[in-house]
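Engineer: Once you've had a glance at the structure underneath, I'll fire off some questions.
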Amino acid sequence: TNIHSFNVVGSYIVTLNSQTNNEARFGVSHMPTSFDIPYDKPLYDQFGIKGIPKTNFATSNDHGLTRFTPAGYAELGSRSFWPNRNNLDVYQFNDVLFRSMGHHSMKAGFEFKHYSVFRNAARFARGQMAFNREFTANPQNRGATGDGLAEFMLGMAAGGTLGNENGENAKSNTIGAFVQDDWKATTRLTLNLGVRYDLFLVPTYPDGGVSNFLLDYSQMGASGRLPQVRPKDAGDCGCRQNFKNFGPRVGLAYRLGNTTVLRGGFGILFGMADSFTSNISRWINQSPDFIEIGFATLDRINPLMTLSGGFPAVQLPGTSVPGPAAVGINIQEETMPDQYSQQWFFDWQQQLPFDLVSTAGYNGNGTRKLISGLD
């Protein structure tokens, strides 16, 4: 296990004159994480496990052992998904300008962030075999009979999985800017007027290995398959970027007499997706670049795999998408709006005798354009 990170942050404030100052911040965050197994050689070769691909997965198959899972007993072998490497780098810069002009207090700001995400997990590259009390059980009482370790010793696997590494190298940028005016319109009324703009650029994949499917039945033809598309180059997001994220901010405070104040506000706030590699990305690391194949017994009598025979021969990565019922695919829309929240409030504040203050208020919010999946 190897986890380490470093962060570099800085800021500066420049006072231009008594009415204006400028505040800027910058930062760099680097968080590489890796989980691995304590072996330095391919033990599956030493123990004679056949059928494990030895090409294309040099970081996963150059060490470790197949994972064996006998029902009711501790597992043997290497943890399937390790080595698992996850590296996150974030570069950010923001700058805010303040200026006071009579009854106006102005703010304007800008923010830029660059994200770089690298991920690679072994998944089932060394294979996994399961022994589930299928072949030693009494067919009339399967729930209470059979022994997983006995089937392991017989070398009769009830099922298993073999696949290739899964991961990607994704790049993305976000840009934000705002302007706001706190305006003392009268001795009783103060207005807060502003707008923020957010741009969440859809990620790109300079290393490729990703794809999307078009939900276009007219192009299926005789194959009965949806067309699969890939990035044209390292900067192709496969999307139409969304440039419409203008979020207004409106607030007011009004003094109604000397003991009563009314306040209210409304704003729209755009939010970045929880995961830009799975939620808003148009490209996904999926079949045939990434495939996991299951080998389950079909009749509970004849195993598809044995310890002596190893895994059936498969092509990893695949050359075409298997189907039609053997694999799941992801289809991402070319045009997608960004999720946002509407927030508003109103309150009444009243001064009472004995230095008491009473406040009654209402707060509300609503979320729109949340991401969900359809079958």
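Engineer: Taking θ as phi - 60°, what are the ³J(HN,Hα) couplings along segment 189-197 by the Karplus curve (6.51, -1.76, 1.60), each to the nearest whole Hz, with x for Gly and Pro?
Structural biologist: Per residue, the Karplus-derived 3J(HN,Hα) values read 10, 10, 10, 10, 10, x, 8, 10, 10 Hz.
Engineer: What whole-number value in Å² describes the accessible area per residue of the chain for a 1.4 Å probe?
Structural biologist: With all protein chains present, the chain gives 57 Å² per residue.
Engineer: Continuing with the same structure: Compute the distance in nm between two label points, each set 7 Å from the Cα along the Cα-to-Cβ direction, one at Arg79 and one at Ile329.
Structural biologist: 3.4
Engineer: A follow-up question, please. Quick check: residue separation of Asp40 and Leu370 times 0.36 nm, minus the Cα distance between them. What number comes out in nm?
Structural biologist: The span from Asp40 to Leu370 would gain 114.3 nm if fully extended.
Engineer: Amide H of Asn245 versus every other amide H placed in the peptide plane: which residues, excluding those fewer than 5 positions away on the same chain, fall under 5 Å?
Structural biologist: Asp198
Engineer: May I ask you to evaluate 6.51 cos²θ - 1.76 cosθ + 1.60, the Karplus curve with θ = phi - 60°, for each residue of segment 33-50 and list the ³J(HN,Hα) values in order in whole Hz, giving x for glycine and proline?
Structural biologist: Result, rounded to whole Hz: 9, 9, 10, 9, 10, x, 9, 10, 9, x, 5, 5, 5, 4, 9, x, 7, 8.
Engineer: How many nm separate the modelled label positions at Asp355 and Asn21, each set 7 Å beyond the Cα in the direction of the Cβ?
Structural biologist: Going from the Asp355 label point to the Asn21 one covers 3.2 nm.
Engineer: So, one more: In a solvent-free Debye calculation with one equal scatterer on each Cα, what is log10 I(q)/I(0) for segment 138-256 at q = 0.22 Å⁻¹, listed in the order of the q values?
Structural biologist: Log10 I(q)/I(0), no solvent term: -1.24.
Engineer: Over segment 43-118, what is the relative contact order in percent, taking alpha-carbon pairs closer than 8 angstrom and at least six residues apart?
Structural biologist: 22
Engineer: On the protein heavy atoms, probe 1.4 angstrom, tell me the percent of accessible surface of the chain carried by carbon and sulfur.
Structural biologist: 56
Engineer: Sticking with this one: In nm, to one decimal, how far is the Ala108 label point from the Gln140 one, both placed 7 Å along Cα→Cβ?
Structural biologist: 8.8
Engineer: Still on this structure, I have one more. Hey, what do the phi angles of segment 334-344 turn into as Karplus ³J(HN,Hα) couplings, whole Hz, using 6.51/-1.76/1.60 and θ = phi - 60°, x for Gly and Pro?
Structural biologist: 5, 10, 9, x, 8, 5, 8, 10, 9, 10, 8
Engineer: I would also like to ask the following. From the alpha carbon gyration tensor of segment 5-70, can you work out the equivalent ellipsoid semi-axes (sqrt of 5 times each eigenvalue) and give them in Å, largest to smallest?
Structural biologist: 56, 11, 9
Engineer: Relative contact order for segment 222-335: what is it in percent, counting Cα pairs under 8 Å that are at least 6 residues apart?
Structural biologist: Computed value for segment 222-335: 27 percent relative contact order.
The values are calculated or read from the model by the stated rules, or taken from the named source; none is laboratory data. All values derive from a computational prediction rather than experimental measurement. Please note: Cβ atoms are built from the backbone with ideal geometry, for glycine as well, and neighbour counts cover all protein chains shown. To get the accessible areas, we keep the full protein, side chains included, count just its heavy atoms, and leave off ligands, DNA and RNA. Shrake-Rupley method; radii C 1.70, N 1.55, O 1.52, S 1.80 Å.
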